[in-house]
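Here the structure comes first, spelled out in structure tokens, and everything after it is commentary.
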Amino acid sequence: MAYMNIPYGLDEPFVLPEFRFKMIWKVHADDSYQAAQPKGFPYPGIFVTFEGSGRFESDGASRALETGTYMIVRPGEPCAYRCEGGNWKFYFLHFDPLDMAVQLNLAVGEPATTAKLPEASLLCERLIDCLIVQPVGYGFTAQHSAQELLLVLAREQEANVRSRHPELDDILYRMHLRIGEPPPIDDFVRRSGLSRTAFFARFRARTGLSPGRYMQELRLASSKAALETTNAAVKEIAAALGFYDEFHFSKLFKQRYGTAPRDYRRGR
């Protein structure tokens with residue numbers, strides 16, 4: 001029999017944050033450009049500067065908005081912003097509420113630098129084109145593009161967090177593709193570009209498990225799916241997933257799920 005894969009879903013508890021796209025501006029400003037919001041913006045927004053620079057003032061603080069930066073602003077905070085140096089080109093996107101930005105751990109109220117400016121600009125341009133042409137389902141497309149903008153920035157930020165260890169992304173993907181095979185640890189170490197010691201340390205920091213234990217968890221999850229969706233014998237499942245033998249598999253399965261494989265199948 002071919003081994004069963006495992007189901008993939010959102011971690012529990014996951015609550016999808018509320019998000020509503022409102023509108024977007026593309027602004028080409030010179031020194032004559034000065035804007036003020038005495039009562040603050042009605043909705044949260046994000047400045048994405050793609051050329052030149054501007055200045056944002058609120059609550060007695062002044063912040064430079066330069067090429068390759070973005071800044072998320074809160075609603076209801078009195079503020080003013082202007083071009084600085086004769087050239088400021090930016091997108092400004094309104095959305096509501098702030099929940100998604102907060103859940104993604106994006107900074108609010110302070111400029112942040114991004115190396116994803118081309119990707120962010122492309123998303124903004126696609127959003128504008130969609131709103132001009134208004135194809136079927138354009139509202140869904142606009143909502144998706146606005147959310148993707150925040151996701152692009154959040155993924156970039158996450159990649160810069162040491163504990164994230166993005167060099168392990170490909171390794172984890174390959175592990176999931178090889179659930180029924182012995183883990184080629186030496187190959188994974190080589191692909192990671194790390195020393196063996198660093199690989200094991202970073203893998204544990206990323207997943208909380210050793211590579212061997214991580215693969216064991218995958219195989220047990222796959223065996224559980226096989227028991228639920230096939231009539232393959234326990235012995236066949238154990239062999240297909242690379243367990244030492246049926247008895248070893250049954251012992252590990254019971255330790256993980258609290259019941260023997262046959263009892264688990266009968267109890268469904």
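The values are calculated or read from the model by the stated rules, or taken from the named source; none is laboratory data. Only a predicted model underlies this, so the values are computations on that prediction, with no experimental measurement involved. Quick reminder, even Gly has a Cβ in these numbers, built from the backbone with ideal geometry, and neighbours come from all protein chains shown.
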Over the stretch 233-268, the set of residues aromatic (Phe, Trp, Tyr) and more than 34 Å from the chain's Cα centre (by Cα) is TYR244, PHE247, PHE249, TYR264
Which listed residue, of LEU149, LEU194, LEU168, is in contact (Cβ under 8 Å) with a residue 24 or more places away in the chain and under 21 Å from GLU119 (Cα atoms): LEU149
Please tell me if ILE171 is in contact with a Phe, Trp or Tyr (Cβ under 6 Å, 6 or more places away or on another chain) and assigned by TED's automatic domain parsing to the domain that holds ARG204. yes
Counting only residues that are over 23 Å from ALA115 (Cα atoms) and not in a strand (DSSP E or B), the stretch 59-82 contains a total of 7
I want to confirm something. Restricting to the stretch 83-122 and keeping residues that are in contact with an Asp or Glu (Cβ under 9 Å, 6 or more places away or on another chain) and part of a loop (DSSP other than H, G, I, E, B), which single residue is nearest to PHE19 (Cα to Cα)? PRO97
Would you mind finding the one in PHE41, PHE95, PHE90, PHE50 that is without any contact (Cβ under 8 Å) to a residue 60 or more places away in the chain, surrounded by 14 or more Cβ atoms within 10 Å (Cβ to Cβ) and touching a Lys or Arg at 6+ places or on another chain (Cβ under 9 Å)? PHE41
Search result, residues across the stretch 6-30 that are touching a residue at least 40 places away in the same chain (Cβ under 8 Å) and either in contact with a Pro (Cβ under 6 Å, 6 or more places away or on another chain) or assigned to a loop (DSSP other than H, G, I, E, B) (or both): ILE6, PRO7, PRO17, GLU18, PHE19, ASP30
Residue match in the stretch 104-123 (condition: touching a Pro at 6+ places or on another chain (Cβ under 8 Å) and of a type in the set (D, E, K, R)): no
Only residues in the stretch 222-244 that are within 12 Å of GLY180 (Cβ to Cβ) and without any contact (Cβ under 8 Å) to a residue 60 or more places away in the chain count as the first member; pair them with residues that are β-branched (Val, Ile, Thr) and surrounded by 16 or more Cβ atoms within 10 Å (Cβ to Cβ), Cβ under 9 angstrom, at least 6 apart or cross-chain, and list the lot. PHE243/ILE237
Taking the residues in the stretch 196-221 that are farther than 14 Å from HIS165 by Cβ and among the small types (Gly, Ala, Ser) as candidates, determine which candidate is farthest from the chain's Cα centre (by Cα). GLY212
